[in-house]
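Undergrad: The structure follows.
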Amino acid sequence: MRGYLKEHSGAFDPDDTRILVAAFDKAWESVQASGAIFDTDTKVESARAILAKHIIEAAKHGERDRGRLRDGAVAALAQSLRSVPGQ
């Protein structure tokens, strides 16, 4: 998550950054708890990128609620997986 935030340096203050990182961590925990299987490191990183990018975009539009950030990111990942054959 922090790597993606570096691409947006200056966009978020330290408190915002903590919120975004916490939302990302909770989103990833939810994905893991769901039993989703990513059979390669590339797929893991792709899934994590989708979560991070969604959270950052939502935050750029003013969202700061950790739960909504988490839920939106998980929904975005689920939508992405449904649109990819073989997932």
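The values are calculated or read from the model by the stated rules, or taken from the named source; none is laboratory data. Computed from a predicted structure; not experimentally measured. So basically every Cβ, Gly included, is an ideal-geometry build from the backbone, and we count neighbours across all protein chains shown. Note: accessible area is taken over every heavy atom of the protein model, side chains too, but ligands, DNA and RNA are not part of it. Shrake-Rupley method; radii C 1.70, N 1.55, O 1.52, S 1.80 Å.
Undergrad: Using a 1.4 angstrom probe, figure out how much accessible area the chain has per residue, in square angstrom, rounded to the nearest whole.
TA: 62
Undergrad: Match the structure shown to one of the listed values [x] 33, 26, 22; [y] 39, 22, 20; [z] 40, 32, 19 of Cα extents along the principal axes in Å, computed from it, and give that label.
TA: Read-out from the structure maps to [y].
Undergrad: Under the rule of -39500 (n - 2.57) per DSSP H run of 4 or more residues, summed and divided by the residues of the chain, what mean residue ellipticity at 222 nm is obtained, to the nearest 500 deg cm²/dmol?
TA: So the helix-based figure for the chain works out to -23500 deg cm²/dmol.
Undergrad: Nearest 10 degrees is fine. How inclined is helix 41-60 to the longest principal axis of the chain, computing both from alpha carbons?
TA: Approximately 40 degrees, to the nearest 10.
Undergrad: Any idea what angle helix 66-82 forms with the longest principal axis of the chain, computed on alpha-carbon atoms, 0 to 90 degrees, nearest 10?
TA: Tilt relative to the chain: about 30 degrees.
Undergrad: Tally Lys and Arg at +1 and Asp and Glu at -1 over the other residues with C-beta under 15 Å from the C-beta of Leu69: what net charge comes out?
TA: +1
Undergrad: Arrange the peptides 67-79, 8-20 so that the one whose residues have, on average, the most other Cβ atoms within 10 Å appears first.
TA: Descending mean neighbour count gives 67-79, 8-20.
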